[in-house]
Every structure is written in C-alpha cells, then in structure tokens.
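Nothing in this text is a laboratory measurement; each read-out follows from the coordinates by a stated rule. Predicted model only: the values in this text are computed from it and were never measured. For neighbour counting, all protein chains shown are included, and Cβ atoms are generated from backbone atoms with ideal geometry for every residue, glycine included.
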Amino acid sequence: MFSWFGLFGTAFMSALGLFGLIIVIWAIIDIVKQERFTDIEKLIWVLIVIFFNIIGVIVYYFAGRTKAIDLEKVRSEISSDGQYCPYCGKRIDKSFTYCPHCGGRIKK
Ligand SMILES: [Zn+2]
C-alpha cells in the first residue's frame, strides 16, 4: 500500500542514516589524526563510534577530544621544559632568570 507518510518516512530515515554514516567517518578520521592518543585509545574510540554511532560520536566529541586536550596540557607540564622555583616552589619556565611568582633569582 502506497502512502506519502511511508515515502517521506523512508526518505527521512535514509537521510538520517547517511548523516550518521558521514559523522561516523568524520569521527574515525578525527580519532586517527589525534597524535595524543595511543593506538589502544584510538582503537577504543573507533569501536565506541562504530558501535554507538551518533551517540558514540557525541561522547567522543565531548569526552574524548576534551581528554585529548587535557592530556596534552598535562604532558607539556611533565616535560622537561620547566623547572621549579627554589624559593616558592612554583613551576616556572626554564628560560626564566627570575621567578614571576616571588621575584627570586634563579641560578643557572
Ligand atoms: Zn618563586
């Protein structure tokens, strides 16, 4: 039996399916490009996106990408580009001669 509602319904579902497919592919490309992720993390996110589709992409966008940015921040803080002020103990850049927090002179 022909019905306009059925036709529009099918077209709508196809468009939604296509949109879902595009967004999943976009997410997978984005995940693979993330240099902050380890291979295991990439694999986990790709699987999440494939299994949960749009919901997985949303979770990745709000949790995964934010986590990636945080990891980068943490990594740069751990890296050897910094040192600690011997007077106040605050973390300062290696190139600083004077501590910006307490004004103490840093010995080289
Ligand atoms: Zn200081």
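Length gained on full extension, Thr10 to Arg36: 5.3 nm, using 0.36 nm per residue less the C-alpha separation.
Across segment 9-24, coupling constants 3J(HN,Hα) worked out from phi with the 6.51/-1.76/1.60 Karplus curve, θ = phi - 60°, read x, 5, 4, 5, 5, 5, 4, 5, x, 5, 4, x, 5, 4, 5, 5 Hz, and Gly and Pro carry x. When peptides 7-19, 30-42 are ranked by their average number of other Cβ atoms within 10 Å per residue, the highest-first order is 30-42, 7-19.
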